[in-house]
1. Return a yes/no flag: does the range 124-143 have any residue that is touching a Ser or Thr at 6+ places or on another chain (Cβ under 7 Å), at pLDDT 90 or above and not aliphatic (A, V, I, L, M).
2. List pairs: first residue in the range 129-151 and more than 30 Å from Gln72 (Cα to Cα), second residue in a helix (DSSP H, G or I) and among the β-branched types (Val, Ile, Thr) anywhere in the structure, Cβ distance under 6 angstrom, at least six positions apart or on different chains.
3. Being assigned to a loop (DSSP other than H, G, I, E, B) and hydrophobic (A, V, I, L, M, F, W, C) is the requirement here; does Leu99 meet it?
4. For the range 107-151, how many residues are among the aliphatic types (A, V, I, L, M) and either within 28 Å of the chain's Cα centre (by Cα) or over 22 Å from Ala89 (Cβ atoms) (or both)?
5. Quick check on my filter: what residues within the range 88-128 are of a type in the set (Lys, Arg) and touching a residue at least 24 places away in the same chain (Cβ under 8 Å)?
Amino acid sequence: MGETELRWQLRQLPREIEPPRDLWPGIAAKLRPARSARKGLGWLAGLAIAASLCLAVGIAWRLDSPLPADPQAELVQREAQALTREYQAALRQFDGAPLPAPIEPALATLDQSVSDIRRALDSDPGARYLLDQLRRTYSRRLSLTQRAVTG
């Protein structure tokens, strides 16, 4: 069967077909819940009201407790603390390794930068750019130490 013949047959089909009977009453009946099913919802509605009440009490209790003054600042401080812990853990692997004397001034400068950034974070706790600067300084210090130890 060629494409032209198939198209000819498609054109011969009726454009609209009326259903043999009205389908809407059957559809509407299926959409409406049965009376017996709605009777069983009484205890479920009570449970939903009780859950809503518990939620309302919980929210009221939470609102009564003091919230952090600046959530952004709290987040930056937590990230800075996590960065410091990770940095210190990574640096511990080089404990006791001899460092070449010429590199010690650079390491001291980076350590001083870390202290300065931490002090700046204390005075501006929500400063995201300081967090990024701390991350970069930790990375440079760790990289320099690693190159100095491993050669």
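1. So far as the range 124-143 goes, yes, one or more of its residues are touching a Ser or Thr at 6+ places or on another chain (Cβ under 7 Å), at pLDDT 90 or above and not aliphatic (A, V, I, L, M).
2. What qualifies is Ala148/Ile103.
3. Answer is yes for this residue.
4. Counting residues in the range 107-151 that are among the aliphatic types (A, V, I, L, M) and either within 28 Å of the chain's Cα centre (by Cα) or over 22 Å from Ala89 (Cβ atoms) (or both) gives 7.
5. Residues satisfying the conditions are Arg118, Arg128.
The values are calculated or read from the model by the stated rules, or taken from the named source; none is laboratory data. Small disclaimer: the values here were computed from a predicted structure and weren't measured. Virtual Cβ from ideal backbone geometry, glycine too; neighbours counted across all protein chains shown.
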